[in-house]
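See structure below.
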Amino acid sequence: MRMILVGPPGAGKGTQAARLVETYAIPHISTGDMFRAAVKAGTELGKRADEYMQQGALVPDSLVIDMVLERIQQPDCASGFMLDGFPRTTPQAQALDQALSAAGIELDAVVLIEVPDELIEDRIIHRRQDPETGAIYHLINNPPTDEAVRARLVHRKDDTAEACRARLEKYHAETAPIVPFYGAKGLLKRVDGVGSPDDVEVRIKAALA
Ligand code: AMP
């Protein structure tokens, strides 16, 4: 299974990706996670990406594209992969398309998780992550039951109301235009992202079946 998850910030891409990669036994390639790891490691790429991420801006295509094309050539991607958060611009989608065509590889599906803008800010502001397991929680709708997990939750630096608005704007301006690109290829599956993670997972699996 070679698939892409697309959706606005807070749509539940990370949560659903974690579930789907278990089902399909494929690597989860999240460009956001790759950049956060680079920031944490203090690499040159991390330093450059951090400036953009903190403002809710997109990291330049030139830094993202090579990183992903290199990643999907790794042996663990030979029989499939899940791209989460990439492509996010038309040049990224075109670069991926060219690289896959050159390698004679076809995508199986592009899942668009749709959530109305009005729900996004609440999801982002209350989003927390368990740094040990990567599990994502909502402080009100889906808090951890274990007190030890609750105590170690972290809030992403770019999960502020201001950065959220900037990211949502970027999503509509830069990322939404890739949706018709995949629609024209017959790969697009639109899924309603409103509801519990379990409900959304069922919808995605039904769309992929
Ligand atoms: P995410 O975890 O997917 O929400 O990504 C967090 C941040 O990383 C984004 O707001 C961007 O600053 C940056 N980022 C992640 N993926 C991309 C991408 N494909 N293109 C540009 N910037 C990205």
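The values are calculated or read from the model by the stated rules, or taken from the named source; none is laboratory data. Nothing here was measured: the structure is a model prediction, and the numbers come from that model. Positions of Cβ are generated from backbone atoms using ideal geometry, with glycine treated the same way; all protein chains shown enter the neighbour counts. Each accessible area value is taken on the protein alone, full model and side chains, heavy atoms only, with ligands, DNA and RNA left out. Shrake-Rupley method; radii C 1.70, N 1.55, O 1.52, S 1.80 Å.
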Next item on the list: Quick one: in the range 24-53, of everything that is touching a Phe, Trp or Tyr at 6+ places or on another chain (Cβ under 6 Å) and not aliphatic (A, V, I, L, M), which residue is least open to solvent (accessible area, probe 1.4 Å)?
Entry: Thr31
Margin query: Among the listed residues Gly56, Gly80, identify the single one that is on the phi > 0 side of the Ramachandran plot, open to solvent by less than 50 Å² (accessible area, probe 1.4 Å) and modelled with pLDDT of 95 or more.
Written below: Gly80
Check: Any residue at all in the range 89-105 that is away from the ligand (no atom under 12 Å from the Cβ) and touching a strand residue (DSSP E or B) at 6+ places or on another chain (Cβ under 9 Å)?
Finding: yes
Notebook entry, point to check: Gly7: modelled with pLDDT under 95, open to solvent by less than 40 Å² (accessible area, probe 1.4 Å) and within 9 Å of the chain's Cα centre (by Cα), yes or no?
Noted result: no
Check: Exactly one of (1) within 12 Å of Asp84 (Cα to Cα); (2) at pLDDT 95 or above is unmet by Met1. Its number?
Finding: (1)
Item checked: Which numbered condition Glu118 misses (of (1) charged (D, E, K, R); (2) open to solvent by 70 Å² or more (accessible area, probe 1.4 Å); (3) more than 28 Å from Leu153 (Cα to Cα)) -> (3)
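Results for (1) among the aliphatic types (A, V, I, L, M); (2) open to solvent by 50 Å² or more (accessible area, probe 1.4 Å); (3) under 16 Å from Lys157 (Cβ atoms); (4) out of contact with any Asp or Glu (no Cβ under 9 Å at 6 or more places or on another chain), shown as yes or no for each residue.
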{"site": "Lys13", "(1), (2), (3), (4)": "no, no, no, no"}
{"site": "Ile65", "(1), (2), (3), (4)": "yes, no, no, yes"}
{"site": "Arg71", "(1), (2), (3), (4)": "no, yes, no, yes"}
{"site": "Gly104", "(1), (2), (3), (4)": "no, yes, no, yes"}
Item checked: Odd one out for Leu20 among (1) part of a helix (DSSP H, G or I); (2) within 10 Å of the ligand (Cβ to nearest atom); (3) not small (Gly, Ala, Ser) -> (2)
Next item on the list: For Phe86, state whether it is of a type in the set (Phe, Trp, Tyr) and either surrounded by fewer than 19 Cβ atoms within 10 Å (Cβ to Cβ) or touching a residue at least 40 places away in the same chain (Cβ under 8 Å) (or both).
Entry: yes
